[in-house]
1. Debye sum, Cα scatterers, the chain, no solvent: what log₁₀ I/I(0) at q = 0.08, 0.09 1/Å?
2. Quick one: divide the alpha-carbon radius of gyration of the stretch 147-247 by 2.2 N^0.38 Å and tell me what you get.
3. Quick one: accessible surface of residue 324, probe radius 1.4 Å, all protein chains present, in square angstrom to the nearest 10.
4. Two-decimal Rg/Rh of the stretch 1-144 from alpha-carbon positions, Kirkwood Rh?
5. Please report the orientation-averaged projected area of the stretch 71-183, defined via the convex hull of its C-alpha atoms, in nm².
6. Please give the charge dipole size of the chain, origin at the Cα centre, charges +1 on K and R Cβ atoms and -1 on D and E Cβ atoms. Round to the nearest 20 debye.
7. Whenever you get a sec, compute what percent of the accessible area on the stretch 53-367 sits on carbon and sulfur atoms (1.4 Å probe).
8. Cα convex hull of the stretch 217-374: mean projected area in nm², to one decimal?
Amino acid sequence: MFDLVIRGGMLSTASEVFAADLGIVGGRIAQIGSGLGAGAREIDAEGKYVLPGGIDSHVHFAQPSGEGIDMADDFESGTRSALFGGNTTVLPFCLPEEGQSLREALKAYHAKAQGQCYTDVSFHLIVTDPSEAVLGQDLPALVADGYTSFKVFMTYEGLRLNDGQILATLDTARRTGALVMVHCENEDAIRYLIGRHEAEGDVAPRAHASTRPVAVEREATHRALSLAEVAEVPIVIVHVSNGEAMEEIGRARARGQKVIGETCPQYLMLTARDLEGMDWEGAKFVCSPPPRDEAAQAACWRGIETGVFDLFSSDHCPFRYADERGKLNPRGRTSFRHIPNGIPGVETRLPILFSEGVMKGRIDLPRFVALTSTNHARTYGLYPQKGTLAIGADADIAIWDPAHRRTIAHADLHDGSDYSPYEGLAVTGWPTTVILGGRVMVEDGALLGQKGAGQYRSRSIPGMAGPTPFRQETTG
Ligand code: DUC
Ligand code: ZN
Ligand code: ZN
């Protein structure tokens, strides 16, 4: 007797699509096959797709965002929104506040997440202070405790690391097996351009895009990849926005480097023209790197189709628009430079890729599953417990209705922001039922699950940071 049987659906993993029933016992997948025995509960999935729950490995919740600014989502609203968008696991970043150690920051994040989550969560560590003690002691101990990925920034005063600091952090990754994610934009070049634009009185939101052009991202991408080559480690290039940065990834791979590429919905669906809205409306689309042009969108689609990108993440980083503590804060009204960086998207990530990618024939269902779930689990040390439909894996499942049509409207979403950058976009296909560890959390669009059902998950050493070509050469 199963606790739950999902009957008659079309299942997909990252490698194949097949008709089967799926039986769940004790929160895990117990059997996959035809004509399974009875379950205490049964779900009829005839005409539906049964997919591994989405894993969004790039989100920001409850992150300190500077004087006078509040992030729009805490762990409750952020994971609720993620859940309704077909996700069962999210990986937010842990950002230490000024003077706080990573261990103290993690304690604060765990306290914020404890009992609040609708999905499982795990944390990436943002490294802002790569001192000898942090690199030699704190980070190795944290990796051993299951915090196995770091993010470093090449931009933002107070966050950016110089090349020596990045190399030192990469070296800690080499020694511990952790994986480093890099935000690639050249801070000095951005500062130069900001100075030029402000001197000319060009302070509206659209200047955010002009002061962070492709060259700024391409150069930093090339440098990050070169530093990873020197340190002999794999690397994740996050939120890639254009074809020139993609070419850098291609060249590094051709040299034999292990590079994981990530892109996000904003680089497929938005352009810099969205930042031109009247009366500061463009602030709704301020994120970094900025959305670019149609050619860059087409390049990113090609990267989705051909494998330049392994990961499709939301980079959900939400601020309210009509709010003095959000996009329209008083300083932000004086210059684009003070508009908080980031846009919401954790709930719309999967429906956008399903509709624009799968339904429009750009990618098949296994590629969708790989880009949105399996590769995230593999990259960040959650596989095979998560990210696939296999016996013994967590029963984290999204049941998709491919016939469901809707027009994206923020009023129907569940995050703490007050707008969606994709308002008015018509999509086909939606995750109507979402199951976390065998528990039905969302059914036919209604919330059944309890806050607190989502748990913290510690992670193993990321698979891709294991035996890479580099390691094989250097060790043996
Ligand atoms: N980088 C991110 O990864 N998210 C939001 C803002 C940023 O610069
Ligand atoms: Zn970033
Ligand atoms: Zn981000």
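The values are calculated or read from the model by the stated rules, or taken from the named source; none is laboratory data. Every value quoted in this text rests on a predicted model; they were computed, and no experiment measured them. Don't worry about glycine lacking a Cβ; one is built from the backbone with ideal geometry, like all the others, and counts go over all protein chains shown. Please note that ligands, DNA and RNA were not included when accessible areas were found on the heavy atoms of the full protein model with its side chains. Shrake-Rupley method; radii C 1.70, N 1.55, O 1.52, S 1.80 Å.
1. The Cα Debye sum returns log10 ratios of -0.44, -0.56.
2. Taking N as the residue count of the stretch 147-247, the ratio is 1.16.
3. Here the accessible area works out near 130 Å².
4. Numbers: Rg = 20.1 Å, Rh = 18.0 Å.
That ratio is 1.12, to two decimals.
5. Values: hull surface 29.2 nm².
So the Cα hull casts an average projection of 7.3 nm².
6. Working: 45 positive and 61 negative charges, 154 e Å.
It comes to approximately 740 debye.
7. Details: 4990 of 10620 Å².
Solvent-exposed carbon and sulfur of the stretch 53-367 make up 47 percent of the total.
8. Numbers: hull surface 40.3 nm².
Its average projected convex-hull area is 10.1 nm².
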